[in-house]
Amino acid sequence: MGKKSKQAKPAEMSNGPDGTPMAPSAADEHRGTEPRPKLKRKEYEKEMRVLQGELVAMQEWVKATGAKVCIVFEGLDSAGKGGTIRRITERTSPRVFKHIALPTPTEREKSQMYIQRYVAHFPSAAEIAVFDRSWYNRAGVELVLGYCSREQTEKFIEQVPAVEKAIVDNGIILIKYWLNVSIDEQTRRLESRIEDPRKIWKLSPTDLKSYGRHYDYCRARDAMLAATDTEWAPWYVVDNDDKRRGRLNIISHLLSQIPYTPVPPRDIKMPRKPSPRGYSEPDLPVHSIPTPF
């Protein structure tokens, strides 16, 4: 495997009443820990450049071997899922890395088996499907905002480990991330979306509803992680108050979960500069754009 940065350790989980691991609650976040200083942009971009090079190496291995990878990103609203996915995919091929962010289900999709519309987006050979929210909507936003019944969520949680076992048994590498964010940082990020015209598109009515139910989401998260953190599809929990560190840690960990080896580089030589062979630019009435910059 190629050279990688140090792995980030997933957040530790305490055990619930039945002995299963539970994620730290919002009240427990950062308790007893000293906040690390913000990562300088120059250092961040330097590390990101190395990791993105490794992502390309991993991509080439996926193409060469026909591997199938499915990455699930879940977390509270404004926890940094979208930004992390952008840094993963911005230097890779969209033919290999498929960013899956499904809209609200149609009436037809609502009548289907719950996970059916997600299965259609699972990776084929030589593909990496990155889910920006996933079938775990049923254990999170749908439950908390009343879009499904508690019985439907309980049925989902009971069945999903077996579904994920089938996914893994069919040769798909399944990696699941839950991104935590504290209530103070979530408040700051949502306020920034309201005030910054570049970010207003990120703000939906659901985000504001969800903000008022922060601790309901934490309870739903704890129950979901306790029931669906399995040997074949474990959850990796990320403290993402510091988005720069979080992105680097996630990408570093992701690379450690894929058994790739760098594909030997191709012997590429730049061809000779082409000769115009008598060609000259014609005097056409083209419409040029203004050049204020």
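Helix 41-65 and the long axis of the chain differ in direction by around 90°, with both axes built from C-alpha atoms.
Stokes-Einstein D for the chain at 37 °C, 0.692 mPa s, Kirkwood Rh over Cα pairs, in µm²/s? For the chosen part, D equals 153 µm²/s.
Against the empirical 2.2 N^0.38 Å (N residues), region 229-291 has a Cα radius of gyration ratio of 2.41. Dipole check for the chain: with +1 at the C-beta of Lys and Arg, -1 at the C-beta of Asp and Glu, and the Cα centre as origin, the magnitude is about 1380 Debye. Projecting label points 7 angstrom from Cα along Cα→Cβ for ASP283 and ASP196 puts them 5.0 nm apart. In this structure, the amide hydrogen of LYS68, modeled 1.01 Å from its nitrogen in the peptide plane, lies closer than 5 angstrom to those of ALA126, ILE173, counting only residues at least 5 positions away or on a different chain. Note on the chain: dipole from Cβ charges, positive end direction compared against PRO37, THR230, PRO161; the farthest Cα belongs to PRO37. Is there a pair in LYS63/LYS269; LYS40/LYS269; LYS40/LYS63; LYS42/LYS209 whose C-alpha atoms are over 28 Å apart, and which pairs would that be? Those over the limit are LYS40/LYS269; LYS40/LYS63; LYS42/LYS209. Between THR261 and VAL163, the simple spin-label model (points 7 angstrom out along Cα→Cβ) gives 3.6 nm. Here is the list for region 65-168: chymotrypsin sites (Phe, Trp or Tyr not before Pro) lying in DSSP coil, each with at most 16 other C-beta atoms within 10 angstrom of its C-beta, are TYR147.
Considering every alpha-carbon pair of region 74-130, the percent of pairs per 10 Å bin, from zero through the bin containing the longest distance, is 19, 42, 34, 6.
Above 13 Å, the calculated P(r) of region 157-224 contains 75 percent of its Cα-Cα pairs.
Reported to the nearest whole Å, the Cα centre-to-centre distance from region 97-111 to region 129-165 is 14. Between helix 150-169 and the chain there is an angle of about 50 degrees, using the helix long axis and the longest principal axis of the Cα atoms. Each listed q (0.10, 0.20, 0.23 Å⁻¹) maps to a log10 I(q)/I(0) for region 124-240 from the Debye sum over equal C-alpha point scatterers, namely -0.37, -1.20, -1.38. Cross-link reach is defined here as a Cα-Cα straight distance under 17 Å, omitting same-chain residues fewer than 8 places apart; for LYS176 the lysines meeting it are LYS9, LYS68, LYS81, LYS98, LYS165.
Around the amide H of VAL263, modelled in the peptide plane, lie the amide H atoms of TRP61, all under 5 Å away and 5 or more residues distant in sequence or on another chain. Along the chain, the exposed loop sites are GluC sites (Glu not before Pro) outside DSSP states H, G, I, E and B with at most 10 other Cβ atoms within 10 Å, and the longest stretch free of them is 13-230.
Derived scalar couplings between HN and Hα for region 252-263 equal 4, 5, 4, 4, 6, 8, 9, x, 8, 10, x, 6 Hz in order, rounded to whole Hz, by the Karplus curve 6.51 cos²θ - 1.76 cosθ + 1.60 (θ = phi - 60°), x for Gly and Pro. Close amide H pairs (under 5 Å, H built 1.01 Å from N) link VAL237 with ALA11, TRP178, residues at least 5 positions away or on another chain. Using Cα atoms only, what is the angle between the long axis of helix 183-195 and the major principal axis of the chain, expressed in degrees (0 to 90) to the nearest 10? Between the helix axis and the principal axis of the chain, the angle is about 50 degrees.
FYI, it's all coordinate maths here, none of it is from the lab. Keep in mind that what you see is a predicted model, and the values were worked out from it rather than measured. Here the Cβ is made from the backbone with ideal geometry for all residues, glycine too, and neighbour counts use every protein chain on show.
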